[in-house]
Amino acid sequence: MPVCTKTIMQRGGRELIELLTHCVFSFNTDVLFLYCVGEYQLRPQAVSAIAIYDVFCAPTAPARISDLSLIPPKDVRIEQTITQLRHAFQGATCDPRQSDGVADDENAAAGQDESNPPDRPAVPLPPRYLFDSIASSLSVSEQAKIATLEDYYDPKRTPQENLPGGELTDVQRAFVDHVWTPRIRPYLVSSGFWRVSTVG
């Protein structure tokens, strides 16, 4: 009987960690994307939105989703939105005194106290529906990876046992060891997706 990944994601716990770990092992980036979008919708933050785009949607993303028609370069809508969000986020979080020495000199000349810098703009709050159209397309597609996963995944087996042959291929091992563990996982955790800290 097919499993319901949505139920597993809502319940959380060990079952969720093992499901996500299997998705890392099998390079099922669509399901990982859908999980992160679900988490993002609960607490939309600029840093989380940027991380989802950088990991799953950008032209150079290390874990691009399978339907390339939904993301750049074929569809640039999400790229345009994230570019604006990134600029606003950087403007709100960067310390202008660290950008160069010119600002310090100007502030000193104007008699401005360095211990009391000017107010920064607020960190932008992105809409919770930012990734909804992409997530919806990935969920209902006839070739949806989430549907394929639900057909064969057995929660009673380990993440590795659910793989064909019960073990990682060399390519899968290389992704886990050289991309997921050193690059993607720390970036997602630092961007608010703390549950993935034990995934993979």
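In region 56-74, the residues that are surrounded by fewer than 17 Cβ atoms within 10 Å (Cβ to Cβ) and part of a loop (DSSP other than H, G, I, E, B) reach residues that are modelled with pLDDT of 95 or more and of a type in the set (Val, Ile, Thr) with C-beta atoms within less than 7 angstrom, at least six apart or across chains, in these pairs: PRO62/VAL55; PRO62/VAL179; PRO62/ILE184; SER66/THR29. Being open to solvent by 50 Å² or more (accessible area, probe 1.4 Å) and hydroxyl-bearing (Ser, Thr, Tyr) is a condition met by no residue of region 10-21. Candidates in region 172-200 are the residues that are free of Cβ contacts under 8 Å to residues at least 40 places away in the same chain and β-branched (Val, Ile, Thr); of these, the one that is surrounded by the most Cβ atoms within 10 Å (Cβ to Cβ) is VAL189. Checking region 149-157 against the condition returns a match, with at least one residue being farther than 17 Å from THR7 by Cα, open to solvent by 30 Å² or more (accessible area, probe 1.4 Å) and not hydrophobic (A, V, I, L, M, F, W, C). Among the residues of region 127-152, the ones that are modelled with pLDDT of 95 or more and touching a Ser or Thr at 6+ places or on another chain (Cβ under 8 Å) come to 1 in all.
The values are calculated or read from the model by the stated rules, or taken from the named source; none is laboratory data. Computed from a predicted model, the values in this text were never measured in an experiment. Note that each Cβ is placed from the backbone with ideal geometry, even for glycine, and that neighbours are counted across all protein chains shown. The protein model used for the area step is the full one, side chains on, heavy atoms only, and it has no ligands, DNA or RNA in it. Shrake-Rupley method; radii C 1.70, N 1.55, O 1.52, S 1.80 Å.
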